[in-house]
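The values are calculated or read from the model by the stated rules, or taken from the named source; none is laboratory data. Predicted model, so just to flag it, every value in this text is computed and none were measured. Neighbour counts run over all protein chains shown; Cβ positions are idealised from the backbone, glycine included. Remember, those area values only see protein heavy atoms, side chains included, never the ligands or the DNA or RNA. Shrake-Rupley method; radii C 1.70, N 1.55, O 1.52, S 1.80 Å.
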Amino acid sequence: MVGGGPAGLATALTLHSHNIPSIVIDNHTENAVKLGESLAPSANAVFRKLGLEGVLTSGQHSLYVGNNVVWGDSSLRQRYFLHEPYGDGWHLNRSLFEKQLRETVISHGIPLLQNYRLSEITARDDKMIVSCSHSDAAPYTITADFIADCSGRASIVAKKMGIKKQTVDNLASYYFIAEPAANPLKGMTFIEAAADGWWYAAPIANNRIIVNFMSDSDLHPAKTASLTDWLLRKVAATEHLKTYISTTAIPTAGIKTATTSLLEKPGGKQWIAVGDALCTYDPLTSFGITNALVSGHHAANAIASFLQGNTGALSDYITSQMALFNKSVALLQNQYQSEQRWPEHPFWERRRV
């Protein structure tokens, strides 16, 4: 596995359940900010399949019981997961969550090459020769039967093979972390549509709130130096969000891409792409981490079947991932079209197509 995030670690754990040895190359940066902290109730099923229920109930993560939604008109609606067959979701301590996954993989005896970077891939005699480097250690070479590209949006393996990604929008997340106001979220995620995008907020560790403004990057001249002031002015213009967060002490804000994208070729004779390396989803779908884990689980099952002689296993996996991607695009179109208050603004006009 090239990539030690949720997709790569789920792939490794599932291969382990098939008694297939694997190695994870993890270029993880300990202090990197990773967005995505809300697990929808449906995620509980894949955690059970991966034997990871204990991670969620470790006391380090909090229950996610529903959504506060302002969409289609200015009314605030509360939608609880009362009828979800899988129960409630979870709000993750994201950095601790990934640390727990890495520790689980290591406890299963799966080698995890931390802080190694993929440098070269060569095909030789039906094997894949993978070379990787470390800033403070000797280079490492792996001879593998198969490679899973689990490197997230970077799609490092595909990029090494000259394969491009098709990007279908310019969506970006303008984010910051805030203290809660007198009106707390109480285990709820918050979504509010705006004239030029939409807001997302969720509780995170240490009684703080992650706040994201989702909009198209080409619509805003905001630069990092002035980003905090720009975001605070936009928060002040909201009808509901401003009542949930305190804006008296906002640390440095950031920008991350949140585009919807798809690899032009998602696999080959001895490799496949997994999770965000294959395709990325608009955060409005809530597919994020759940899809990374599910995709990793399905990819590993496909690899195991392929190595046992099922030549159609990989194409079946890719077909299922394409079907999911197309389904998400249809769901998104319906969701965006249900907001009609700003039909002339480019952000909403683009999403009516």
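Points to keep in mind about this one:
- Simple Cβ-charge dipole of the chain, Lys/Arg +1 and Asp/Glu -1, about Cα centre, in debye nearest 20: 100 debye
- Look at the dipole of the chain built from charges on Cβ: of Leu171, Pro41, Asn27, the Cα furthest out on the positive end belongs to Leu171.
- Here's how it looks for Ala123: its modeled amide H is under 5 Å from those of Ile129, which are all 5 or more places away or on a different chain.
- Given their separation in residues at 0.36 nm each and the Cα-Cα distance between them, Leu63 and Glu239 gain 60.7 nm when the chain is fully extended.
- Take the Cβ atoms of Ser246 and Val168, set R0 to 30 Å, and the FRET efficiency comes out at 0.25.
- A straight Cα-to-Cα reach below 23 Å connects Lys186 with the lysines Lys34, Lys242, residues fewer than 8 places away in its own chain not being considered.
- Per residue value of the accessible surface for the chain (all protein chains in place, 1.4 Å probe), Å²: 46 Å²
- Cα centroid separation, segment 250-329 to segment 66-113 (Å): 18 Å
- Residue of Ser295, Ser173, Ser246 that the Gaussian network model of the chain assigns the largest fluctuation, springs spanning Cα pairs under 10 Å: Ser246
- The Ser119 and Arg208 beta-carbon pair, evaluated with R₀ = 30 Å, returns a calculated FRET efficiency of approximately 0.20.
- Loop-located trypsin sites (Lys or Arg not before Pro) in segment 213-286 (DSSP state not H, G, I, E or B) with no more than 12 neighbouring Cβ atoms inside 10 Å: Lys223, Lys269.
- Violating pairs (Cα-Cα greater than 19 angstrom) within the set Lys49/Lys269; Lys160/Lys269; Lys99/Lys164; Lys159/Lys269: Lys49/Lys269; Lys99/Lys164
- Summed over qualifying helices (DSSP H, 4 residues or more, each -39500 (n - 2.57)) and divided by its residue number, the chain shows a 222 nm mean residue ellipticity of -9000 deg cm²/dmol.
- Comparing Thr57, Thr228, Thr104 in a Gaussian network model of the chain where C-alpha atoms under 10 Å apart are linked, the largest mean-square fluctuation is found at Thr57.
- Environment charge of Glu264, counting only residues whose C-beta is closer than 10 Å and scoring Lys/Arg +1, Asp/Glu -1: +3
- The alpha-carbon of Lys234 sits under 14 angstrom from the alpha-carbons of these aspartates and glutamates, leaving out residues fewer than 8 places away in its chain: Glu192, Asp196.
- Amide proton proximity set for Ile245, modelled H, under 5 Å, gap of 5+: Ala181
- Two-site FRET efficiency, Leu76 against Arg48, from Cβ-Cβ distance with R₀ of 25 Å, rounded to 0.05: 0.15
- Listed peptides 116-122, 38-44 by packing density, highest first (mean Cβ within 10 Å): 38-44, 116-122
- Here the label points at Val329 and Ser107, each 7 Å from Cα along the C-beta direction, are separated by 4.1 nm in the simple model.
- Counting only Cβ charges, +1 for Lys and Arg and -1 for Asp and Glu, the dipole size of segment 1-116 around its Cα centre is about 80 debye.
- The chain: most fluctuating residue of Asp282, Asp216, Asp125 per GNM, C-alpha cutoff 10 Å: Asp125
- Counting Lys and Arg as +1 and Asp and Glu as -1 over every other residue whose Cβ lies under 11 Å from the Cβ of Gly162, the net charge comes to +3.
- Neighbourhood net charge (15 Å Cβ-Cβ; Lys/Arg +1, Asp/Glu -1) for Ala45: -1
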